[in-house]
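The values are calculated or read from the model by the stated rules, or taken from the named source; none is laboratory data. Just so we're clear, the structure is a prediction, and the values are computed from it rather than from any experiment. So basically every Cβ, Gly included, is an ideal-geometry build from the backbone, and we count neighbours across all protein chains shown. Each accessible area value is taken on the protein alone, full model and side chains, heavy atoms only, with ligands, DNA and RNA left out. Shrake-Rupley method; radii C 1.70, N 1.55, O 1.52, S 1.80 Å.
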Amino acid sequence: MTAAPFSDTPRAAAPSTTASAQAPSAGAPPTAAPDGRVGPPPPFDPELAAALDLIREQLGDLLSFDDIPAMREGQGRARLSDEDLRRDGAFEVEERTVPGPAGEPDISLLICRPAGATTALPALYHIHGGGMIIGDNRSGVDTALDWAQELDLVVVSVEYRLAPEHPHPAPVEDAYAGLVWTAEHAAELGVDPDRIVVGGGSAGGGLAAAVALLARDRGGPALVGQLLLCPMLDDRNDTYSSRQMTGLGVWDSAANHTGWSALLGERRGGPDVSPYAAPARATDLSGLPPAFIDVGSAETFRDEDIAYAGRLWQAGGVAELHVWPGGFHGFELMAPQAALSQDARHAPLVWLRRLLAH
């Protein structure tokens, strides 16, 4: 199985027998705010609000492309070592260079396998976050390893090219090529090819949704699930929640505008954006694997993520949606001791256990 050349043309929409199964038009966000009239922002969870000022001070603001180098430098200082990933011998860790998309550079896969495993195990194919502009295949993988340690999973984490130096379709094509390689080499990796879940948070969640669309449309690996954590899905940046949270929390509408502009350039928000860049643009969400979607009520991505879950149901699909009251973007990682964060970190584990048991 090889990665097909990239096409921005999604497959034809599946026929529908009921009005409720018809997907909304991709021409406008289903939750767009009319004339800018929105209510006040939802309140932050009190525990999270107490930590938010310090978190924002540490992260800094993403106002323009000029801020990207400093953000990358800060992220690089927190990079996990092999020793961190081994977790006192719980995992065997290796990094492999594998073929990228046809005619493009090779990509790097970080592979973490439970030590001493003798049978083929389910795998979480992890795609890191970072607004399409920062991060590497070690970013956020510690959370995936928490689940892997509990459930005996292999974690394969892909390093994709970053925008703006490498705009769409580079990131999604890299992520898809790594998935194809993983499925083709499942026996070598000790992975059960029938139990591969694709997942990620934020930009990684958006890319995971896009990779699931590509796998469906190209006849690629048969994914058993898609784990979409506060996914970045809609380049139009014009929902109620994006307007409500302007200047508030983490990753507000200004940062979102910069991230999408880095990926899409002048096409951002226009009529010709591929669903493989912004999955909210897809007109057909049928035939996709079961999805776990979560998002905070007090973050930019709230409405686009809720709409995506709704459209999966409308298309006859399976989705589990969690909207965490008072959660800002990435709260469970940035304030892990808060009660809400602990619930949010546990919910994907419960879903994965149930999914893989069946």
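Scanning segment 100-133 for residues that are farther than 12 Å from Arg161 by Cβ, among the hydroxyl-bearing types (Ser, Thr, Tyr) and surrounded by fewer than 20 Cβ atoms within 10 Å (Cβ to Cβ) returns Thr118, Thr119. Annotation note: of Gly39, Gly27, Gly76, the sole residue that is modelled with pLDDT under 80, of a type in the set (Gly, Ala, Ser) and either within 29 Å of Val323 (Cβ to Cβ) or touching a helix residue (DSSP H, G or I) at 6+ places or on another chain (Cβ under 9 Å) (or both) is Gly27.
When the residues of segment 325-339 are narrowed to those that are open to solvent by 20 Å² or more (accessible area, probe 1.4 Å) and hydrophobic (A, V, I, L, M, F, W, C), which ends up farthest from Ala50 (Cα to Cα)? Selected residue: Leu333. Evaluating Asp136 against the criteria (1) over 22 Å from Ala90 (Cβ atoms); (2) in contact with a strand residue (DSSP E or B) (Cβ under 7 Å, 6 or more places away or on another chain); (3) open to solvent by 10 Å² or more (accessible area, probe 1.4 Å) leaves one unmet condition, (1).
Among Arg161, Arg56, Arg79, which is more than 25 Å from Gly225 (Cβ to Cβ), open to solvent by 30 Å² or more (accessible area, probe 1.4 Å) and part of a helix (DSSP H, G or I)?
The conditions single out Arg56.
For segment 219-260, a residue qualifies if it is without any contact (Cβ under 8 Å) to a residue 12 or more places away in the chain and out of contact with any helix residue (DSSP H, G or I) (no Cβ under 8 Å at 6 or more places or on another chain), and exactly one does: Gly219.
Is there a residue being of a type outside the set (D, E, K, R), in a strand (DSSP E or B), within 22 Å of Gly330 (Cα to Cα) and modelled with pLDDT of 95 or more anywhere in segment 132-151?
No, that holds for no residue.
Checking Ser274, Ser286 one by one, the residue that is among the hydroxyl-bearing types (Ser, Thr, Tyr) and open to solvent by 10 Å² or more (accessible area, probe 1.4 Å) is Ser286 and no other.
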